[in-house]
Every structure is written in C-alpha cells, then in structure tokens.
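Chemist: This is the structure I have questions about; it appears just below.
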Amino acid sequence: MASDARIPAPIPPPQPKISKFKIALCQLLVTPDKERNIAHARKLIEDAARKGAKLVVLPEIWNCPLSLKNLSKYAEDIDAEAACPSISMLSEVAFRNGITLVGGSIPELSAGQLFNTCCVFGPDGKLKAKHRKLHLFDFEVPGEVAFRESDFLTAGEEPTIVDTDVGRIGIGICHDIRFPELAMLYGSRGAHLICYPGAFNMSTGELLWELMQRARAADNQLFVATCAPAPDPNTSADYITWGHSGLVGPFGEIIATAGHEETTVIAEVDYSLIQFHRENLPLEVQRQGDMYKMVDVLGGNAQ
C-alpha cells in the first residue's frame, strides 16, 4: 500500500513565507589567500542581494583550496564565533542584506576532529543549522588519481533540514548527492529545496554532476540547487573542480546552470511547481509499500 511506503508518513511541504523568489549561486574562484577569499565571497553575496536574491548559496570549501592535507591550516572552530572570520562574515552579510544564506562549506575543527561543514544563516544573521558532510569521498583510478577524504576528515552523523524564510531546505555536501536515500528522507520531511554545495572533479563532474542533480529533483519532485567553486585555469593542483553550479526544478528540468567560469547564477524558484507536478504525477500515492519501504530512523523531525 502507498500509505505504508514511508515510515513515518511523509510530511507535506509547509507553506513558506515566500513561495517565489530569486536564488543566487556564487560560483567563485578560490585562491590560497584566505582573507582574499572571504572578502571576495562577501562581495559576490552583496552583489547578489542587490540584484534581488533572497537566498544565496556558496560552494563547497570556498575559503581555501581543496587540498586535503592542507585543510587543517584553514580550519575554524565554528562554535567559537568571534574567532571565526569566515563564519563572522557570513553572519554579518546575511544580516546586513536581509537574506537567507547557505554558506557553502568550510573546514571545521572541533574537539580535535576535522569536518567539512555547511552553515545556514537567516536574515537576522543567526546560525540556523550546521551540516557536517555525511558521505566522505574516497576515489581512486589506479595509476592516475587517488583522493581519500576519510584519511583526513570525520563524517557527520545527522541529516540536516531547516525551516527558513524561503522554505524548508535540506542540506547535503558534494558526495552526499550520490545517495538517493538522503534526498528521499528530505523529501519525506517536507523539503521544498535541497542545497548541495559541491566540488565534483573534472571526470566525475562531466559524467555525473548534472545527472545527480536532475535525478534527486525528479525522484522527489522538489527543487535542487548546487554551487561549486570555479576551476582555476592556472592551477597545477591534482584536484580540479568541474564548476557547473545550477538550479533544477521538480520535474528534473534544468532552470539555470553555469559553465566553468567564475560567475553568479541568478534564477527564480517558484514552489507552486512542486504542487503542480505532484498533482499531475502523484508519485507519493503510487508507491508500493507492500514491496518496499523507506524508514526514517530518526523519526522525521523537521529540525
């Protein structure tokens, strides 16, 4: 039976304060200069707010280069707010511009452990949620490339969904997008939108980045927004990012996307499309709970 396909029963998306708004995806170029990266991110956020964006999203690891062995040098203790230049900037710029800000991710040092962490701020500048990357990316092509996040990072332990002025948002970071179960959980908890700051590399990006975005959106009939760093054309680093930040609608349609270059993608989110597609293609009532079930072991709390 369809009613048994999700346990607990799915929660319909709540009525958001704003159902139609502009989102900005700041695909910025990252350098080894942390102060420069923070100042540059501030400028792009402010520019996006001036253009009418109510929700701004930054990339994965935007305040330093994505070099695993060097992440600890740039890490911040997010709980010690006054000593966190990246977090202090995000809080201040969200407040000054009256926006909701999904602050990409930065390396977080907590109790001797290193995490890849995304912070969400409200228009009042207060921290609304903190998501630690759940699925660590260990990838190897023998003789060509090896990248093992688990050698340096600790995985998070909880999914993150947060109510904001621009709807109920689920958060994932990069490799989290590869796991449809997480997106299904967010959809079951009433998310309007899933934001994935990410940094797929040139090979996995070309093959999978767009495919994953469209699949997660279409399977759950909600919006998916991604934001990646722009690849540095002058870099000699082993890990080069794919870019291609984008917004995908609830039918899997690409609403807006970037290329490789540094840019800010600004597009419109219209939550009425969620209801439209769910009424015309009622996947939730077509699920076969007598054959398969999704069980939310944490109980389906929205926060």
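The values are calculated or read from the model by the stated rules, or taken from the named source; none is laboratory data. Because the structure is a prediction, the values reported are computed rather than measured. Quick reminder, even Gly has a Cβ in these numbers, built from the backbone with ideal geometry, and neighbours come from all protein chains shown. Heads up: the accessible areas ignore ligands, DNA and RNA and are worked out on the full protein's heavy atoms, side chains in. Shrake-Rupley method; radii C 1.70, N 1.55, O 1.52, S 1.80 Å.
Chemist: Among DSSP bridges having both ends in the chain, what percentage is antiparallel? Round to the nearest 5.
Modeler: Close to 65 percent.
Chemist: Below 14 angstrom from the Cβ of residue 74, what's the summed charge of the other residues (Lys, Arg +1; Asp, Glu -1)?
Modeler: -2
Chemist: What number, in percent, do you get for the relative contact order of the range 121-268 if the mean sequence gap of Cα pairs under 8 Å and at least 6 apart is divided by its residue count?
Modeler: Value for the range 121-268: 16 percent.
Chemist: Counting only trypsin sites (Lys or Arg not before Pro) that sit in a DSSP loop (anything but H, G, I, E, B) with at most 13 other Cβ atoms within 10 Å, what is the longest stretch of the chain containing none of them?
Modeler: 127-292
Chemist: Could you derive backbone 3J(HN,Hα) for the range 23-40 from the dihedral phi with the Karplus parameters 6.51, -1.76 and 1.60 (θ = phi - 60°), listing whole Hz in sequence and x where the residue is Gly or Pro?
Modeler: Whole-Hz 3J(HN,Hα) from phi for the range 23-40: 10, 10, 10, 8, 7, 8, 8, 9, 10, x, 8, 5, 4, 5, 4, 5, 5, 5.
Chemist: 5 Å is the cut-off here: which amide hydrogens, built 1.01 Å from N in the peptide plane, fall below it relative to residue 294, excluding neighbours closer than 5 in sequence?
Modeler: 6, 7
Chemist: Further question: Straight-line reach from residue 34: which aspartates and glutamates have Cα under 19 Å away, leaving out those fewer than 8 places along the same chain?
Modeler: Candidates past the 8-residue exclusion: 46, 60, 76, 77, 81, 92, 108, 232, 262.
Chemist: Counting only residues 5 or more places away or on other chains, whose amide H sits under 5 Å from the amide H of residue 61 once H atoms are built in the peptide plane?
Modeler: Result for residue 61 returns 105, 106.
Chemist: Could you compute the net charge surrounding residue 2? Neighbours are other residues with a C-beta less than 10 Å from the C-beta of residue 2; K and R count +1, D and E count -1.
Modeler: Net charge in that neighbourhood comes out at -1.
Chemist: Next question. Defining a contact as two alpha carbons under 8 Å apart and six or more residues distant in sequence, what relative contact order in percent does the chain show?
Modeler: Computed over the chain, the figure is 24 percent.
Chemist: Let me ask you something else. For Rg and Dmax of the Cα atoms in Å, which listed value, [x] 21.8, 72; [y] 21.9, 79; [z] 18.3, 56, comes from the coordinates shown?
Modeler: Recomputing Rg and Dmax of the Cα atoms in Å here picks out [z].
Chemist: Only Lys, Arg, Asp and Glu count, each charged at its Cβ (+1, +1, -1, -1), so figure out the dipole size of the range 75-196 about its Cα centre, rounded to 20 debye. Could the numbers behind the result be given before it?
Modeler: On the way: 10 positive and 18 negative charges, 89 e Å.
My answer is approximately 420 debye.
Chemist: Let me ask something else. Longest segment of the chain with no GluC sites (Glu not before Pro) in a DSSP loop having at most 13 other Cβ atoms within 10 Å?
Modeler: Working: sites that count: 144, 157, 253, 261.
Within the chain, the longest run free of exposed GluC sites (Glu not before Pro) spans 1-143.
Chemist: When the Karplus curve 6.51 cos²θ - 1.76 cosθ + 1.60 is applied with θ = phi - 60°, which whole-Hz ³J(HN,Hα) does each residue of the range 111-124 get, with x for Gly and Pro?
Modeler: Couplings: 6, x, 10, 9, 10, 9, 10, 10, 10, 10, 10, x, x, 8 Hz.
Chemist: Okay, moving on. Full extension from residue 36 to residue 96: what is 0.36 nm times the residue separation minus their Cα-Cα distance, to one decimal in nm?
Modeler: Length gained, residue 36 through residue 96: 19.6 nm.
Chemist: Then there is this: Tell me what the chain gives for mean residue ellipticity at 222 nm when only DSSP H runs of n ≥ 4 count, each as -39,500 (n - 2.57), the sum divided by the residue total, rounded to 500 deg cm²/dmol.
Modeler: After summing the helix terms and dividing by the residues of the chain, the value is -6500 deg cm²/dmol.
Chemist: Okay, next question. Non-local amide H neighbours of residue 110 (under 5 Å, H modeled in plane, Pro and chain starts lacking H): which ones?
Modeler: Correct list: 115.
Chemist: So what J values fall out for the range 3-8 if you push phi through Karplus, 6.51 cos²θ - 1.76 cosθ + 1.60 with θ = phi - 60°, rounded to Hz, Gly and Pro as x?
Modeler: 5, 9, 6, 10, 10, x
Chemist: For the chain, what % of the accessible area comes from carbon and sulfur atoms, probe 1.4 Å?
Modeler: C and S fraction of accessible area: 53 percent.
Chemist: Under a Cβ-Cβ cut-off of 15 Å, what is the net charge of the residues other than residue 131 that fall near it, where Lys and Arg count +1 and Asp and Glu count -1? Spell out each step's value before the answer.
Modeler: On the way: positive: 128, 130, 132, 133, 168, 189; negative: 60, 79, 108, 157, 158, 163, 176.
Once all neighbours under 15 Å are counted, the net charge is -1.
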